[in-house]
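Comments concern the structure below.
The values are calculated or read from the model by the stated rules, or taken from the named source; none is laboratory data. What you see is a predicted model, and the numbers here were worked out from it, not measured in a lab. Quick reminder, even Gly has a Cβ in these numbers, built from the backbone with ideal geometry, and neighbours come from all protein chains shown. Accessible surface areas use protein heavy atoms only, side chains included; no ligands, DNA or RNA. Shrake-Rupley method; radii C 1.70, N 1.55, O 1.52, S 1.80 Å.
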Amino acid sequence: MRNRTAYPYLTGIALALLLSSSCQNRSTTSTENASNGDSISQPVINEDSLLTTIQQQTFQYFWEGAEPTSGLARERIHMDGVYPDNDRNVVTIGGSGFGLMGMIVAMERGFITADQGTQKLNHIMDYLAKIERFRGAWAHWYDGELGTAKPFSEKDNGGDIVETAFLAQGLLTVREYLKDKNEAARAVAQKADRLWKEIDWNHYTNGQNVLYWHWSPKFNFQQNHPVRGYDECLITYILAASSPSHPIAASVYHEGWARSGGIKSTAKKYDIPLAIKHNAKEGEVGPLFWEHYSYLGLSPKGLKDQYADYWEVTSNHVKINLAYAKLNPKGYKGYGPDKGWGWTASYSIKGYDAHHPDNDPGVISPTAALSSMPYTPHQSIQFAQYLNSKLGDKVWGKYGYYDAYSETANWFPQRYLAIDQGPIIVMIENYRTGKIWDLFMQAPEIQQGLKKLGFTSPYFK
């Protein structure tokens with residue numbers, strides 16, 4: 001594997017050709033247009049080379065693009081250098097958790113050396129240990145240079161247990177990856193383990209049978225946001241139940257997240273079962289990041305409890321997006337299950353928006369389809385081929401695919417968000433090798449916690 005640092009930044013197509021040259025020449029094939037049955041010709045890049053290229057260049061967001069003082073992921077990177085809220089050096093805790101898992105992919109695939117990765121991870125662990133925490137939990141954002149929490153909103157100026165869960169998912173994966181390697185790596189694994197065990201999950205119940213998203217020393221639980229299913233937060237309950245030091249009771253999951261059974265659903269959209277009740281308006285589904293964030297480490301393959309089969313939950317949500325793309329009820333340009341598809345929270349024509357089939361201004365977020373690759377590999381890879389062959393450098397830049405675009409509006413902003421870039425690297429790897437799923441699911445606390453909550457999984461020993 002070529003090391004990314006061995007050659008300068010190249011545009012999307014040029015880099016893809018460089019990496020694919022040792023595997024298979026670029027070819028032109030005829031593919032069927034699933035939306036109307038027509039045949040179209042488009043250039044196709046060898047799948048292995050394509051996926052490696054996407055992972056490798058996207059990883060640079062968390063490597064070259066990292067905030068230098070902390071080593072953590074910047075919340076956002078704008079290629080024009082314009083930051084209206086003066087937040088260039090604000091780091092994201094959840095996005096940094098995704099980046100930790102991306103670092104493992106980079107070490108495995110030779111984008112960086114094992115020593116480089118270990119040194120960077122050591123720096124990050126030390127930084128996470130010294131910044132302000134809130135009963136072991138981290139805030140949503142920090143000023144990377146100063147190490148101080150940056151309020152997300154007025155009463156959200158303390159701990160964020162959901163963002164903390166996204167980080168902890170990464171910490172556990174790092175621990176499992178490094179724990180049996182050399183002395184320096186084992187020392188980092190021990191630091192990651194200590195940080196994970198210091199999180200006081202039970203505190204965030206406020207004595208109730210539900211987790212509360214926020215706690216602040218100044219405002220206590222005034223933000224008053226109970227975390228109930230179903231959305232992106234399942235991993236929060238799994239980790240809270242799995243904690244060896246500050247666990248929640250199983251009743252917190254069943255009464256809080258699962259709403260005492262109310263999370264079950266028989267609803268369908270486009271004749272596809274939701275399998276579980278989304279936190280959305282009647283007849284609607286949520287954005288696709290709900291099927292990414294919790295499942296970067298937590299494998300939905302064969303994962304079941306008394307409420308749902310989570311492979312059905314995740315894959316059906318993606319299939320609903322594909323059905324919407326095929327229907328394309330508003331006639332947007334470039335839509336189709338073999339073209340542009342996938343709706344999630346991202347930059348939008350008017351600011352930032354949580355896109356889904358019932359909230360679609362004609363904006364597609366590449367992370368939605370790409371991070372769904374384990375669920376719909378053919379359609380996700382076809383989407384990447386479409387971007388490369390039809391849109392090229394309009395949607396591809398220094399850190400991989402830009403956050404969002406609209407062919408209808410001719411809108412192609414050169415902006416990135418950590419929480420959208422991270423899942424691309426990790427979920428492509430889970431499709432290719434299952435590596436991150438294997439590492440997280442082998443953690444003994446996770447297996448015990450899942451069993452405690454009544455889950456079954458093929459990963460159980």
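In the set (1) closer than 22 Å to Ala240 by Cβ; (2) modelled with pLDDT under 95; (3) of a type in the set (Lys, Arg), Lys350 fails one condition alone, (1). Among the residues of the range 207-220, those identified as part of a loop (DSSP other than H, G, I, E, B) and either at pLDDT below 95 or more than 17 Å from Arg259 (Cα to Cα) (or both) are Pro217, Lys218, Phe219. Scanning the range 349-365 for residues that are closer than 19 Å to Asp231 by Cα and part of a strand (DSSP E or B) yields Tyr352, Asp353, Ala354, His356, Asn359.
Tell me the residue from Ala323, Ala368, Ala354 that is open to solvent by 10 Å² or more (accessible area, probe 1.4 Å), of a type in the set (A, V, I, L, M) and within 17 Å of the chain's Cα centre (by Cα), please. Just a single option satisfies the conditions, and that option is Ala354. Confirm whether Asn224 is at positive phi, in contact with a strand residue (DSSP E or B) (Cβ under 9 Å, 6 or more places away or on another chain) and of a type outside the set (Val, Ile, Thr). When the stated conditions are applied, Asn224 passes them. Scanning the range 165-195 for residues that are more than 14 Å from Ile124 (Cα to Cα), open to solvent by less than 10 Å² (accessible area, probe 1.4 Å) and either small (Gly, Ala, Ser) or touching a Lys or Arg at 6+ places or on another chain (Cβ under 9 Å) (or both) yields Ala165, Leu178.
Might you check whether a residue that is at pLDDT 95 or above and surrounded by fewer than 21 Cβ atoms within 10 Å (Cβ to Cβ) occurs anywhere in the range 415-427? Yes, some residue in the range 415-427 is at pLDDT 95 or above and surrounded by fewer than 21 Cβ atoms within 10 Å (Cβ to Cβ). Scanning the range 257-268 finds no residues that are closer than 28 Å to Leu172 by Cβ, in a helix (DSSP H, G or I), open to solvent by 10 Å² or more (accessible area, probe 1.4 Å) and touching a His at 6+ places or on another chain (Cβ under 9 Å). Can you confirm whether Glu312 is buried (at least 24 other Cβ atoms within 10 Å of the Cβ), among the charged types (D, E, K, R) and touching a residue at least 24 places away in the same chain (Cβ under 8 Å)? So Glu312 fails the test.
Just give me the residues in the range 280-322 being outside any loop (DSSP other than H, G, I, E, B), touching a Lys or Arg at 6+ places or on another chain (Cβ under 8 Å) and farther than 23 Å from His254 by Cβ, in sequence order. The one that is outside any loop (DSSP other than H, G, I, E, B), touching a Lys or Arg at 6+ places or on another chain (Cβ under 8 Å) and farther than 23 Å from His254 by Cβ: Ile320.
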